[in-house]
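Visitor: Before anything else, here's the structure in question.
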Amino acid sequence: MTARPRVPASAVRYPVGMIPMRDDTSPEPESDDPFAEHRRLLFGTAYRMLGTVTDAEDVLQDAWITWHGADRSSVRNPRAYLVRTVVNLALNRLTSARATRETYVGPWLPEPVLTEPSAAEETVMADDVSTAMLVVLETLTPVERAVFVLREVFGFSHAEIAGFIERPEATVRQIAHRARAHVQARRPRCDSDVAERREITEKFLAAAHGGDVNALMELLAPDVTLWNDGGGKVTAARRPLYGPDHVARWMLGVLAKPVSAGIRFAPATINGELGLLVLFGELPVGALTYDILDGRILNVRFQVNPDKVSGLRSQTGQ
């Protein structure tokens, strides 16, 4: 039996704050291997398609093995070969994952990642890798999601994408148009002013830590909605909560429970936007992301599924 090649951790593990916003093909100085050279592009594609770091890393592992066993002399364009490999592996995984998500306990939210974009990049990052965008991408079919990510995020041509997914170019154009219209229709309206977001986050922290339900309600939009992903593994609301009163009282009620003793919120850049880590001591146990519109918090996404926050612990060195 042929031994399964050992995949070096550096080939697939992705450092904090390094999810690429657009196509990044600059080589890494420690290696001239095309896989390492295009690793940022490959991980960024897989993560946006799958919505979880774990699945994206698994895809990169399988892609590395495929690349390791390929006849390099017959590969004329390594970048295109690797992207096609990752896209097809992700499509296979996403197709099977959709059946699993149909039986998922409670709302499904993507896996959060800590990011550290520069001030100039922050708005762009927030637009294409934000939790809100990943939730919208979940409503696309697997092929639509692949085409949208490759075209709208990384700027591949319709002809290139046609080669990746083995569809006629005319079909890819139709899929791209349909996916773009779908995303535009479902993308939440929100403001992207960084200073305003920081101010509202500070007020939210003060109200939450102080248990001030009225102050918290004042920060929430009249039609605020909260989604809570516990995956059936920890206590979490299994249905969305609506309205400032319900959302504020539920959040403060969770913090007031004895089991929550020692829980606190800490600001962090999550998926390109300022959000809040939920910490037990110094250990991340959840992530809170939200949209802001007209100075109020509109949509709240509370990720506490242990399987989906475990990556935050390695990112923070816990």
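Visitor: Among the numbered conditions (1) touching a Leu at 6+ places or on another chain (Cβ under 7 Å); (2) at pLDDT below 85; (3) at negative phi, tell me where GLY17 comes up short.
Guide: Among (1) touching a Leu at 6+ places or on another chain (Cβ under 7 Å); (2) at pLDDT below 85; (3) at negative phi, the lone unmet condition for GLY17 is (3).
Visitor: Tell me which residues, restricted to the range 185-196, are closer than 24 Å to GLY295 by Cβ and either assigned to a helix (DSSP H, G or I) or touching a Phe, Trp or Tyr at 6+ places or on another chain (Cβ under 8 Å) (or both). Step through it out loud before you land on a result.
Guide: From the range 185-196, those closer than 24 Å to GLY295 by Cβ are 186-196; that's our starting set.
Within the range 185-196, ARG186, VAL194, ALA195, GLU196 qualify.
Visitor: Is it the case that some residue within the range 164-179 is touching a residue at least 60 places away in the same chain (Cβ under 8 Å), of a type outside the set (Gly, Ala, Ser), out of contact with any Asp or Glu (no Cβ under 6 Å at 6 or more places or on another chain) and farther than 29 Å from ARG40 by Cβ? Working first, answer last.
Guide: Just the residues of the range 164-179 that are touching a residue at least 60 places away in the same chain (Cβ under 8 Å), to begin with: 164-165.
From what is left, the residues that are of a type outside the set (Gly, Ala, Ser) are 164-165.
Add one more test, that the residue is out of contact with any Asp or Glu (no Cβ under 6 Å at 6 or more places or on another chain), and what stays is 164-165.
Add one more test, that the residue is farther than 29 Å from ARG40 by Cβ, and what stays is none.
Checked against the condition, which is being touching a residue at least 60 places away in the same chain (Cβ under 8 Å), of a type outside the set (Gly, Ala, Ser), out of contact with any Asp or Glu (no Cβ under 6 Å at 6 or more places or on another chain) and farther than 29 Å from ARG40 by Cβ, the range 164-179 yields no hits at all.
Visitor: Considering the range 208-228 alone, what residues qualify as being small (Gly, Ala, Ser), under 22 Å from PHE280 (Cβ atoms) and under 27 Å from the mean Cα position of the chain (by Cα)? Before the answer, list the steps.
Guide: Taking the range 208-228 as the starting set, the residues that turn out to be small (Gly, Ala, Ser) are 208, 210-211, 215, 221.
Now restrict to residues that are under 22 Å from PHE280 (Cβ atoms): 208, 210-211.
Within the range 208-228, just ALA208 meets the criteria.
Visitor: Scan the range 30-75 residue by residue and report those that are among the basic types (Lys, Arg), out of contact with any helix residue (DSSP H, G or I) (no Cβ under 6 Å at 6 or more places or on another chain) and at pLDDT 90 or above.
Guide: Selection gives ARG39 alone.
Visitor: Further question: Within the range 239-292, work out how many residues are touching a residue at least 60 places away in the same chain (Cβ under 8 Å) and under 13 Å from THR225 (Cα atoms).
Guide: Number satisfying all stated conditions: 5.
Visitor: If I ask for residues that are within 17 Å of MET49 (Cβ to Cβ) and out of contact with any Lys or Arg (no Cβ under 6 Å at 6 or more places or on another chain), which ones from the range 164-177 would you list?
Guide: The answer is ILE165, GLU166, ARG167, VAL172, ILE175.
Visitor: Of the conditions (1) in a helix (DSSP H, G or I); (2) of a type outside the set (A, V, I, L, M); (3) under 29 Å from VAL278 (Cβ atoms), SER96 fails just one. Which one is it?
Guide: The one condition SER96 does not meet is (3).
Visitor: Additional query: Closer than 23 Å to GLY163 by Cβ and either at pLDDT below 80 or among the aromatic types (Phe, Trp, Tyr) (or both): does that describe TYR81? Don't jump to the end; show me each part of the working.
Guide: Values: closer than 23 Å to GLY163 by Cβ: yes; either at pLDDT below 80 or among the aromatic types (Phe, Trp, Tyr) (or both): yes.
Yes.
The values are calculated or read from the model by the stated rules, or taken from the named source; none is laboratory data. These numbers were taken from a predicted model, which means no experiment stands behind them. So basically every Cβ, Gly included, is an ideal-geometry build from the backbone, and we count neighbours across all protein chains shown.
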